[in-house]
1. Just to be sure before I move on: is residue 128 touching a helix residue (DSSP H, G or I) at 6+ places or on another chain (Cβ under 9 Å) and at pLDDT 95 or above in the structure I sent?
2. State all residues of region 73-117 that are hydrophobic (A, V, I, L, M, F, W, C), under 13 Å from residue 58 (Cβ atoms) and part of a helix (DSSP H, G or I); if no residue qualifies, say none.
3. Please count how many residues of region 1-56 are of a type in the set (Lys, Arg) and within 17 Å of residue 81 (Cβ to Cβ).
4. Select, from 8, 57, the only residue that is crowded, with 16+ Cβ neighbours inside 10 Å, under 16 Å from residue 130 (Cβ atoms) and in contact with a Leu (Cβ under 8 Å, 6 or more places away or on another chain).
5. Could you grab the pairs with beta carbons closer than 9 Å, sequence gap of 6+ or different chains, first residue in region 144-160 and without any contact (Cβ under 8 Å) to a residue 24 or more places away in the chain, second one of a type in the set (Asp, Glu) and outside any strand (DSSP E or B)?
6. Within region 11-33, which residues are of a type outside the set (A, V, I, L, M), part of a helix (DSSP H, G or I) and buried (at least 17 other Cβ atoms within 10 Å of the Cβ)?
7. Tell me which of these residue 61 doesn't satisfy, since it passes every other one: (1) outside any helix (DSSP H, G or I); (2) hydroxyl-bearing (Ser, Thr, Tyr); (3) modelled with pLDDT of 95 or more.
8. Name the pairs whose Cβ atoms lie under 9 Å apart, with the first residue in region 49-75 and over 19 Å from residue 89 (Cβ atoms), the second aromatic (Phe, Trp, Tyr), and 6 or more positions between them or separate chains?
Amino acid sequence: MKTVILVRHAKSSWEYTVSDRDRPLMERGIRDADKVAQEVQKKALKIDAAYSSPANRALHTAMIFLRALDVPFSKFELSDALYDFSGNEVRSFINSLDNDLETVIIFGHNEAFTHLANVMGYRYIGNVPTSGVVELKFDVGDWGSVEKGTTIRVLSPKEL
């Protein structure tokens, strides 16, 4: 059984003249990410590994979640493949994960995460919002075999 938790980065600021990768989170984004992370923490998931896009907004969101979920930074990695907006690279990344990992959490971007949630899960999601979480479970033992799974949970800050 494999589980992937997709977390879209928190609300970012367009206030600064910086590159897309360097855009920071807004204060609201920080609050929303913390609120959602605290809710995810209640489920007491055992996360084997965490991965993030190198974009500042995704990385900052990851740090908020990892602290709340008590995931050691030794289980965390950045990957350029997760700075993806179509979902193709993220899906390839998931399919290439080490089979010793059962549950992973990935921090990244839309449209990629909405697309993957719809293609890989059974529940239609119109849009994964900022700080949104989609948990998908797959009845396989090999990440390379991950295709269609079960949408276990969809969570957004507006629900909390």
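1. Considered against the rule, which asks whether it is touching a helix residue (DSSP H, G or I) at 6+ places or on another chain (Cβ under 9 Å) and at pLDDT 95 or above, residue 128 comes out as yes.
2. Scanning region 73-117 gives 81, 82, 90, 112, 113.
3. Residues meeting the conditions: 2.
4. Among 8, 57, only 57 is crowded, with 16+ Cβ neighbours inside 10 Å, under 16 Å from residue 130 (Cβ atoms) and in contact with a Leu (Cβ under 8 Å, 6 or more places away or on another chain).
5. What qualifies is 159/39.
6. Within region 11-33, 29, 32 qualify.
7. For residue 61, the exception is condition (1).
8. 63/73; 63/76; 65/107; 66/73; 66/76; 71/65
The values are calculated or read from the model by the stated rules, or taken from the named source; none is laboratory data. If you're wondering where the values come from, they're calculated on a predicted model, not measured in any experiment. As a convention, Cβ positions derive from the backbone with ideal geometry for all residues, glycine included, and neighbour counts pool all protein chains shown.
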